[in-house]
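Working notes, beginning with the structure itself.
The values are calculated or read from the model by the stated rules, or taken from the named source; none is laboratory data. Owing to the predicted nature of the structure, the values given are computational and were not obtained by experimental measurement. Because the Cβ atoms are built from the backbone with ideal geometry, glycine has one as well, and the counts that use them run over all protein chains shown.
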Amino acid sequence: MSRPKTSKVRFEIRLPLYYNDGTETEPEKYEETKNEVYEKFGAFTVLAVTQGGWRGPDTDEIYIEPSGGFFVDVDKERLDETIEFFKQYKGILKTRFKQEEIYIVGYELYVI
């Protein structure tokens, strides 16, 4: 039995629902981000709200926080271009959502 070839790469953008001071992020910021992702890729999927945790490297404090975001599937041929886009876009999102880090990951898809 042969496996399908990977033809797409999924990029997942995790965005905070709250700022570090505990106030809720404005819905307009999600809307703006969604529109930008749609403009760039012609599609998007909203991620379900999940809860994640991490340990502060300087304080050793544990942070538990909900996040949402988006994912997009791109053709593998656009991989280099897409990675460069997200490297630049990450800085915009860090500023927009007042974060030290924004989690963006990519992984291969087997489209069946």
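Tabulated data for the structure shown
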| read-out | value |
| --- | --- |
| Selection count, the stretch 13-57, where residues are exposed (fewer than 10 other Cβ atoms within 10 Å of the Cβ) and among the β-branched types (Val, Ile, Thr) | 1 |
| Top-ranked residue of the stretch 1-13 - restricted to ones that are in a strand (DSSP E or B) and of a type in the set (A, V, I, L, M, F, W, C), ranked as nearest to the chain's Cα centre (by Cα) | Ile13 |
| Residue that is surrounded by the most Cβ atoms within 10 Å (Cβ to Cβ), among those in the stretch 58-67 that are more than 16 Å from Lys29 (Cβ to Cβ) and among the hydroxyl-bearing types (Ser, Thr, Tyr) | Tyr63 |
| Residue count, the stretch 68-110 (criterion: surrounded by 13 or more Cβ atoms within 10 Å (Cβ to Cβ), at pLDDT below 95 and either basic (Lys, Arg) or in contact with a Pro (Cβ under 8 Å, 6 or more places away or on another chain) (or both)) | 4 |
| Residue, nearest to the chain's Cα centre (by Cα), within the stretch 31-76, restricted to residues that are of a type in the set (A, V, I, L, M, F, W, C) and more than 22 Å from Gln88 (Cβ to Cβ) | Val46 |
